[in-house]
Amino acid sequence: MSLNRKKSLSLLAAAVIVAGLGVAYHQFSAEREPLKLYGSIDMRTVDLAFEESGRLQSVLFEEGSSVKAGDLVAKLDNTRYKIARDQAASQVGVAQAQLTLLLAGTRAEEIDVAKARLKAAEANLVLSERTCKRHRDMGKASSALARDQACYKASADRASRDEAKRMLEMLLAGTRAEEIEVARATVKQAQTQLADAERALKNCSLFAPNDGVIRTRLKEPGDMVGASAPIYEMALMNPLWARVYIDEPNLGRITMGQKVAVSVDSFPDKTFEATVGFISSVAEFTPKTVQTEAIRTNLVYEVRLTVADPEGLLRLGMPVTARLLNQ
């Protein structure tokens, strides 16, 4: 073999080795570089609505306004709900008074009156029975009409005496336990109706369930609204999510709870801290039929990042770039 040919083969081998080393270094560098994911600030919305129906009295926030959890955002005209609450409260008072009366039992004055009526009824009976007997003893000396009237009066007085006696016995026995239980159940029923009326009155005020931003104002003061009719559409901001996607070959480089640095175009010099909060178990953009090894990698998985934004700089829908840390 000639000297030139040996030199050419040596140079070719060296070039192959250098190229191989270059490819290996490039792959190593690529693996060491922080993995970048792309997506946007996620939007989670909730419809704010009343549990009751009525005329809308006030709508306190405009579109784009920020609200805090517990802020009053709208009110219904509560006039009829106040009337219903007051009526229910009066029913509780009546039922409670009736129960108190039954528990107190019979007053001594009522028993004395009943005793006096029984005594008078017994005296009337004694007189009417004697009169009836006298007319019967007179025989034909007394007319049949007078005799019948006297004996009928005796029967009526006997019935009156028996009625007065039973009334006194009832008063002495006191209130029946069953009557007291019925009165207690009536009180409980009235209290339940009052609680429901107070709940309905309270629900005439609509409060924000969480921190967020008003996206859409759907009703205006004066509108008649039904229960569950949306008044606002509100975007929730706590926690703040960023939705990004990772391709299938890099799926092994991400884990739950991993630290992430998030940046946006609006603040190029600022980095927001984030952590991986969710990794989808289902691929997206999957081909209908996986036919080749190249096509098999055309899969992406949704990843949601919990983003810390104490200054409130981020807005829903902002494009974001996420760099995975501690890989």
ask   = Restricting attention to region 191-214, which residues are more than 17 Å from A227 (Cα to Cα) and of a type in the set (S, T, Y)?
value = T192
task = Working only within region 229-247, note down all residues that are touching a Ser or Thr at 6+ places or on another chain (Cβ under 9 Å) and assigned to a loop (DSSP other than H, G, I, E, B).
result = A229, M237, P239
inquiry  = Within region 79-94, does at least one residue satisfy the condition of being of a type in the set (F, W, Y) and more than 30 Å from R184 (Cα to Cα)?
reply    = no
task = Please list, ordered by first then second residue, the pairs with beta carbon atoms under 6 Å, 6 or more apart or interchain, first in region 79-93 and among the small types (G, A, S), second surrounded by 15 or more Cβ atoms within 10 Å (Cβ to Cβ).
result = A84/A197; A88/Q193; A88/L194; A88/A197; A89/L194
request  = Determine, yes or no, whether A227 is assigned by TED's automatic domain parsing to the domain that holds Q57, touching an Asp or Glu at 6+ places or on another chain (Cβ under 8 Å) and either closer than 30 Å to S53 by Cα or crowded, with 19+ Cβ neighbours inside 10 Å (or both).
outcome  = yes
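Looking at A183, is it outside any strand (DSSP E or B), surrounded by fewer than 15 Cβ atoms within 10 Å (Cβ to Cβ) and in contact with a helix residue (DSSP H, G or I) (Cβ under 9 Å, 6 or more places away or on another chain)? If you could, list the steps in order and put the result at the bottom.
Numbers: outside any strand (DSSP E or B): yes; surrounded by fewer than 15 Cβ atoms within 10 Å (Cβ to Cβ): no; in contact with a helix residue (DSSP H, G or I) (Cβ under 9 Å, 6 or more places away or on another chain): yes.
Taking the combined requirement at face value, the residue does not satisfy it.
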query = Considering only residues of region 150-180 that are surrounded by 15 or more Cβ atoms within 10 Å (Cβ to Cβ) and among the polar types (S, T, N, Q), which is modelled with the highest pLDDT?
reply = S160
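In region 30-79, which strands (runs of 3 or more DSSP E) lie fully inside it and hold 1 or more residues that are farther than 20 Å from A229 by Cα? If you could, list the steps in order and put the result at the bottom.
Numbers: elements: 36-41, 44-49, 54-59, 72-76.
Output list reads 36-41.
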Subset of region 242-282 that is acidic (D, E) and surrounded by 14 or more Cβ atoms within 10 Å (Cβ to Cβ) - its residue that is nearest to G317 (Cα to Cα) = E273
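Quick check on A104: is it surrounded by fewer than 12 Cβ atoms within 10 Å (Cβ to Cβ) and closer than 30 Å to Q191 by Cβ? Steps first, answer last, please.
Values: surrounded by fewer than 12 Cβ atoms within 10 Å (Cβ to Cβ): yes; closer than 30 Å to Q191 by Cβ: yes.
Here the answer is yes, as A104 does meet what is asked.
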task = Could you please find all residues in region 203-232 being over 18 Å from the mean Cα position of the chain (by Cα) and of a type in the set (D, E)?
result = E220, D223
request  = Output the number of the condition that F61 fails; it satisfies all remaining conditions of (1) at pLDDT below 90; (2) farther than 30 Å from N326 by Cβ.
outcome  = (1)
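Being of a type in the set (K, R) and either in a helix (DSSP H, G or I) or closer than 30 Å to A200 by Cβ (or both) is the filter here; which residues of region 87-125 pass it? So that I can check it myself, show each step before the final result.
Filtering region 87-125 for residues of a type in the set (K, R) gives 107, 115, 117, 119.
Hits for region 87-125 are K115, R117, K119.
Quick grid of which residues meet (1) farther than 30 Å from L48 by Cβ; (2) at pLDDT 90 or above; (3) hydrophobic (A, V, I, L, M, F, W, C):
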residue	(1), (2), (3)
T186	yes, yes, no
D196	no, yes, no
K202	no, yes, no
T216	no, yes, no
M237	no, no, yes
I246	yes, no, yes
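The values are calculated or read from the model by the stated rules, or taken from the named source; none is laboratory data. From a predicted model like this one, the values you see are computed outputs, not experimental measurements. Counting neighbours? That spans all protein chains shown, and the Cβs are built from the backbone with ideal geometry, glycine included.
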